[in-house]
1. Subtracting the Cα-Cα distance from 0.36 nm times the residue separation, let me have the gained length for ALA81 to VAL162 in nm, one decimal.
2. Need one value: the accessible area of LYS134 in square angstrom, 1.4 angstrom probe, rounded to the nearest 10.
3. Keeping all protein chains in position, work out how much accessible area PHE270 exposes to a 1.4 Å probe, and write it in Å² to the nearest 10.
4. State the extension gain, in nm to one decimal, for the chain segment bounded by ARG391 and ALA137, taking 0.36 nm per residue of separation less the distance between their alpha-carbons.
5. How large is the accessible surface of HIS430 in square angstrom, using a 1.4 angstrom probe and rounding to the nearest 10?
6. With a 1.4 Å probe and all protein chains left in place, how much accessible area per residue does segment 74-226 have, in Å²?
7. Quickly work out the THR370-to-ARG105 label distance, labels modelled 7 Å from Cα along the C-beta direction, and quote it in nm with one decimal.
8. Between LEU438 and ALA129, what is the spin-label point distance in nm, taking each point 7 Å from the Cα along the Cα→C-beta axis?
Amino acid sequence: MRQAARPLRPKVPDPAGRASAGAPRFVLLAAIAGGLGACTLGPDYHKPAIEVPPAWKTEEPWRVGTPDDAARRGAWWEVFADPGLDGLQMQAIAHNPSLDMAVERLAQARAIVTVTGAALFPRLDANLAATRNKTSADRPLALYNFANGSVVQNDLVAGFSVHYEADLFGGIRRQTEAARASEQQSQADLENARLVLTAEVAADYFDLRALDAEIDVVRQNIAAQRRALEFVSSRHDMGVASGLDLAQAQAQLDSTITQIDLLRVQRAQFEHALASLVGTPAPSFAIAPAVVKFSVPDIPVGVPSDVLERRPDVASAERAMAAANAQIGVAKAAYFPSVPLEAVYGVESNKVATLFSAASNLWSLGIAATQTLFDAGRRSANIDFAQAGYRATVASYRQAVLTAMQEAEDGMSGSANLARAASEANAAVHSAQRVVDLANDRYAGGLATYLDVVTAEQALLANQRLQVQINGQQMLVAVYLVKALGGGWQSTDAPIAAAGSTAAR
């Protein structure tokens, strides 16, 4: 059963000055408490070993590169060398609400570190009180031989008090350790939020530019089909072409024009998404259409173990383990007594004139120990809870590592496959263009129907759009590969193809 420590009443020293003997006693008590405070309960944190493969499965088109550990990280999107993207990224970092929330959570975590760390030091309070009271003459008698009287008097008190809880078993230090790990976790969460945000901005931007390029391809085909319609119409007027040829040319043109409207709908959605990411209302945000020919940058991938050091979400999961491990020590410290120390020094008088006289001095020194004897298994359950929480963070860390390996491998295999697909798409466009030229020549010479021309032009348009779409997908995969690797490198530091520990494109 927990028993409250009995407070010590203030003692008024005699005029001889024997009050000063209390200070050395308190210093001695504090020194003893500090010596005992070297004990810290709970397991010390050790980062669990995670099995990581020595190399990536995808080898082509990756090759060994020159290590460049000094390359700066941060503005990874600069490797794409697009001023429009750079401007959007700066706006997003400055005005995105989600990133602002992560910044404030980090500020909260830093404040918690200060709060928990302050418990390791004494607390000094200044006390001032002034009261005037009247006692009742009808109050119960203290002595039956003497009648009570009513008294009106002042009570003036001024002084200082020191409160300190000796951390004999390391519970407060474990709390501070957990708070610092949580602060580092919040820092990693902020970095992860920034990485996710900038990756999403880049992905939406490249999607939008890919649609701009696709719209331009469709427009070029519309212009060519208008010229073809005029040619067929003139032949129809001369009686050379049939009405079927004219109807087929018109139907093809109408169908292609419809595709423009559908592509514009998709483009508007990406434009609105970018508006939200950069913290601007969608109605007041616009990006002018532009056809930009992108080239996929070379991205150093390093070895799989590098990902664990670079990815902020993996770092966040690892710091969560450290914080959870410290909580086990906090829970175990509850099995041992708490030892608060208190010292009070001040003056008390019923008159201002004598408030600071030697006879008005008062002081108090106190130490207490409180030990819980029975709590129906509460402390044991708290330890079980803390240990289960730690095991959960270990599983979360392992899952974060597996996800990181998966995303990086997906990015590399996707880059390799899309590189081959892009080459094949270029060849398909050249072949389709040759078929269109032959079909037009045969139709003009009367050797084929206009249906052959329509079929050839539809195939050309489909291949041209596929070519643009593959280029856009290559840019997206490059963005998500950089994100999977935990960030990028600035191209102004070193040739990007020469960076990385083991493999570079």
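1. Extending this stretch completely gives an extra 23.0 nm.
2. Probe radius 1.4 Å; accessible area of LYS134 about 140 Å².
3. My reading of the accessible area for PHE270 is about 60 Å².
4. 84.7 nm
5. In the full protein context, HIS430 sits at about 130 Å².
6. Heavy-atom SASA per residue in segment 74-226 reads 53 Å².
7. Going from the ARG105 label point to the THR370 one covers 3.4 nm.
8. 10.5
The values are calculated or read from the model by the stated rules, or taken from the named source; none is laboratory data. As the structure is a computational prediction, the values presented were derived from the model and not from experiment. So basically every Cβ, Gly included, is an ideal-geometry build from the backbone, and we count neighbours across all protein chains shown. For the accessible areas, the whole protein counts, side chains as well, though only heavy atoms, and no ligand, DNA or RNA atoms are used. Shrake-Rupley method; radii C 1.70, N 1.55, O 1.52, S 1.80 Å.
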